[in-house]
1. Determine which member of the set Asp266, Asp243 is farther than 16 Å from Ala177 by Cβ and under 19 Å from the mean Cα position of the chain (by Cα).
2. List pairs: first residue in region 53-64 and closer than 18 Å to Ser85 by Cα, second residue at pLDDT 65 or above and among the acidic types (Asp, Glu) anywhere in the structure, Cβ distance under 8 angstrom, at least six positions apart or on different chains.
3. Filter region 225-278 for residues that are out of contact with any strand residue (DSSP E or B) (no Cβ under 9 Å at 6 or more places or on another chain), touching a residue at least 60 places away in the same chain (Cβ under 8 Å) and among the small types (Gly, Ala, Ser) and give the result.
4. One residue is enough: does region 253-263 have a residue meeting the conditions more than 27 Å from Gly198 (Cβ to Cβ) and either modelled with pLDDT of 95 or more or not small (Gly, Ala, Ser) (or both)?
5. Within region 186-205, can you find the residues that are within 18 Å of Lys238 (Cα to Cα), of a type outside the set (Lys, Arg) and touching an Asp or Glu at 6+ places or on another chain (Cβ under 8 Å)?
6. Exactly one condition in (1) of a type in the set (D, E, K, R); (2) more than 17 Å from Gly165 (Cβ to Cβ); (3) at pLDDT below 95 is not met by Lys88; state its number.
7. Could you count how many residues in region 76-104 are in a loop (DSSP other than H, G, I, E, B) and either closer than 22 Å to Glu45 by Cβ or under 19 Å from the mean Cα position of the chain (by Cα) (or both)?
8. Looking only at strands (runs of 3 or more DSSP E) that lie completely in region 134-216, which have at least 2 residues being under 20 Å from Val229 (Cβ atoms) and of a type in the set (A, V, I, L, M)?
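The values are calculated or read from the model by the stated rules, or taken from the named source; none is laboratory data. Computed from a predicted structure; not experimentally measured. Here the Cβ positions follow ideal geometry from the backbone for every residue, glycine too, while neighbour counts run over all protein chains shown.
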Amino acid sequence: MGRDSFLGTIIVALVLCVACSVLVSGAAYVLHDRQEANKLRYQKENILKAAGLIRPKNSEASEYDSEALLAGDFSNKELNSLFESRVKKVLVNLEDGSIVDPDEVNYDEYDPKEAVNNPEQSKEIGPEVNPTPGVDRRPKYQFVYEVTAKGDSEKVEKFVLPVYGKGLWSTLYGFLAIDADGETIRGITFYEHGETPGLGGEVENPKWQDQWDGKLAYDDGGEVIVQVVKGTANPDNKAYTVDGLSGATITTKGVSDFVEYWLGKDGFQPFLEKHAKS
């Protein structure tokens, strides 16, 4: 068989394909634990950032927690120490807002993303829901992160709520922080999405995220009032509106809709009504 023959070319190509597959699979296996650890770290960062416990370097917001870490200037040990001392994870039944006993559901093993694929652990979001988050189902239980006061683990200062929904190209996953009174939003972050960089991807821009601090979540009647508008918010409505993302109309509407959904009666409102501190 000649070196340049058709059969020889096929054999070389097959050998290269097999070798590359083995290398890629091996790398994925070896790096799996590290990748999962990095995902967990990034989620913790975003929870702390939404709660004002991490201060982005290019953020223009002036008020941050006295313990706030400067983004990029802290170690894993410092991150974990702050998280463990100030954040408590609880599992919430979204139907009635009650906190699920850890003896009933193992907090360490429960995964809301996996629960969505189990009809017994999730609820269908039908087309009649308005606003819709753009996804078909939501989990029956969802985690809430209680941010406590420095030196007082019994005093809850903020709740950090997981939020997600459809943008233009992807499902966006993030966290929304709200004061313990259940009325005033304190921050929003996104840790996973596939939106267009420079357009919908600007949901990660600290300057845009800074706008959320201080916005009212509900009106006097308990209806969700906060919204992301197309273009620039009207000065008369600044108390509850956020400027839209330039050139990203669909992402803007998606974020506005799924934030409204998760703050509503089918999301975390029953929990906030039951556990908010006046």
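1. Selected residue: Asp266, the only one of Asp266, Asp243 that is farther than 16 Å from Ala177 by Cβ and under 19 Å from the mean Cα position of the chain (by Cα).
2. What qualifies is Leu53/Asp65; Leu53/Glu67; Ile54/Glu45.
3. Ala248, Ser278
4. yes
5. The one that is within 18 Å of Lys238 (Cα to Cα), of a type outside the set (Lys, Arg) and touching an Asp or Glu at 6+ places or on another chain (Cβ under 8 Å): Gly187.
6. Among (1) of a type in the set (D, E, K, R); (2) more than 17 Å from Gly165 (Cβ to Cβ); (3) at pLDDT below 95, the lone unmet condition for Lys88 is (3).
7. From region 76-104, those in a loop (DSSP other than H, G, I, E, B) are 94-98, 100-104; that's our starting set.
If we keep only those that are either closer than 22 Å to Glu45 by Cβ or under 19 Å from the mean Cα position of the chain (by Cα) (or both) too, we end up with 94.
The qualifying residues number 1.
8. Because the criterion is at least 2 residues that are under 20 Å from Val229 (Cβ atoms) and of a type in the set (A, V, I, L, M), the strands (runs of 3 or more DSSP E) in region 134-216 that meet it are 171-179, 185-192.
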